[in-house]
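Notes follow the structure.
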Amino acid sequence: MDVLCLQSGSSGNCVFVDTGSECLLFDAGISFRKVQTRLNEAGRDASEIDAIVISHEHRDHIGCLGVLNRKLNVPIHISRRTLRATEHRVPLGPVQDIQHFVPGETFTVGETSIETMPTPHDGVDGAAFTLDNGCSRFGLWTDLGCVFDDLLASVNTLDALLIESNYDEGMLAASAYPDFLRDRISGSGGHISNREAAEVISHASEHLQWACLAHLSDENNDPDVTLRTHRECLGDQLHLICADRYLATQPLRISPSKNLKLTQQMFF
Ligand SMILES: [Zn+2]
Ligand SMILES: [Zn+2]
C-alpha cells in the first residue's frame, strides 16, 4: 500500500492511498489543480483515482468536493448526515454517484475494506478510517476529538498510521486564543494534542512501520515541537514523519504485514 498525503491541516486535507487494487482520495479539502499537480510530482495521476471518501463536513475536508467529484468522475463515499451538513456548508453543485456508509460499519471499494469508527469530534457524523487490503492495515485517523477506546483497541492491528497531532499543550495554553476557542480545541469535540497522539501510538505493536503526524495547528504547534514530544514518549526507533500544511509529504510505502496476530487471523 502506498500513501501520499497531499496536504494536511486547517487549510485543507487530502490523502491519496494506492491500496494495490484501488486508488482512493480521502477528503476533498484542496482543489483539483493541487491534487493533480502534487500527484504528478510524485509520478502519479488524478485519473488513477477510483473513489473519494469523506470523513466529516468541516470545510477543510469538503471545500472542493463538488468540483473533485465532477472532474474525477468517481463515486463519493460519505455518510448521509455528513452529506446533508456539507450541502448546508458549501455550494456543492450537481454531484453524482453518492454512496452512503454508516460510521461504525465496514464498507468495501473494490478489493479494499474500509473500517469506519465514529469520532467524538464536533462534526455531525465524523468517521476515522482503517484500510485493509488483505496484506496490511493502515489507519487514517484525523479530527478525532479526543483519545477514545476504539483507537486504543485497534492501534495494535496497524502496520502504519496517519494520526492527527494537532497542538502542543503548552503553546495552546499560552496562545492569544479566546477561552472558548481554546476549550473547543482541547475539549472532547476538538483535536488531540502531540502528547495524546503519542499516547495512542505507544499502544501500537512493534510491527508499526511508520507514523505520519498530521493536521498540525499553525498557531499552536510546530513540526520540531511535534517530533520532539513524540520522540520523548516513543523513543528513537519508530519512523516518524510530519505532514505538511501546504505541500505533499514524501510518498510512504506500507510493506506486507509482519504482525503475526493479524496474519494468523487472516489465515485461520
Ligand atoms: Zn474537523
Ligand atoms: Zn480538519
Quiz item: (1) closer than 27 Å to residue 255 by Cβ; (2) in contact (Cβ under 8 Å) with a residue 40 or more places away in the chain; (3) surrounded by fewer than 24 Cβ atoms within 10 Å (Cβ to Cβ): which one isn't true of residue 211, the others all being true?
Solution: (3)
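Out of segment 216-241, which residues are touching a residue at least 60 places away in the same chain (Cβ under 8 Å), of a type in the set (S, T, N, Q) and either open to solvent by 70 Å² or more (accessible area, probe 1.4 Å) or touching a strand residue (DSSP E or B) at 6+ places or on another chain (Cβ under 7 Å) (or both)? I'd like the intermediate steps shown before the answer.
So the first thing to find is which residues in segment 216-241 are touching a residue at least 60 places away in the same chain (Cβ under 8 Å), and the list is 216-218, 226, 229-230.
Of the ones still in play, those that are also of a type in the set (S, T, N, Q) are 217, 226, 229.
The answer is 217, 226.
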Self-check item: Options 125, 149; residue that is in contact (Cβ under 8 Å) with a residue 24 or more places away in the chain and of a type outside the set (Gly, Ala, Ser)
Solution: 125
Quiz item: Of everything in segment 184-205 that's at pLDDT 95 or above and of a type in the set (D, E, K, R), which residue is least open to solvent (accessible area, probe 1.4 Å)?
Solution: 196
Self-check item: Test set (1) of a type in the set (Asp, Glu); (2) touching a strand residue (DSSP E or B) at 6+ places or on another chain (Cβ under 6 Å); (3) within 16 Å of ligand 2 (Cβ to nearest atom); (4) open to solvent by 40 Å² or more (accessible area, probe 1.4 Å) - residue 164 fails condition number
Solution: (4)
Quiz item: Which one is farthest from residue 19 (Cα to Cα), of the residues in segment 151-161 that are open to solvent by less than 10 Å² (accessible area, probe 1.4 Å) and part of a helix (DSSP H, G or I)?
Solution: 151
Quiz item: What helices (runs of 4 or more DSSP H) completely inside segment 56-120 contain at least 3 residues that are more than 18 Å from residue 31 (Cα to Cα)?
Solution: 80-89
Quiz item: Looking only at residues in segment 19-46 that are part of a helix (DSSP H, G or I) and out of contact with any helix residue (DSSP H, G or I) (no Cβ under 8 Å at 6 or more places or on another chain), which one is surrounded by the most Cβ atoms within 10 Å (Cβ to Cβ)?
Solution: 38
Quiz prompt | Any pair with Cβ under 8 angstrom, 6 or more apart, that starts in segment 1-22 at a residue that is free of Cβ contacts under 8 Å to residues at least 40 places away in the same chain and ends at one that is in a loop (DSSP other than H, G, I, E, B) and more than 14 Å from ligand 1 (Cβ to nearest atom) | solution = 14/30; 16/44; 16/49; 18/1; 18/44
Quiz item: Inside segment 122-150, can you point out the residues that are under 13 Å from the mean Cα position of the chain (by Cα) and outside any strand (DSSP E or B)?
Solution: 126, 142, 143, 144
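The values are calculated or read from the model by the stated rules, or taken from the named source; none is laboratory data. Predicted model, so just to flag it, every value in this text is computed and none were measured. For neighbour counting, all protein chains shown are included, and Cβ atoms are generated from backbone atoms with ideal geometry for every residue, glycine included. For accessibility, only protein heavy atoms count, side chains too; no ligands or nucleic acids. Shrake-Rupley method; radii C 1.70, N 1.55, O 1.52, S 1.80 Å.
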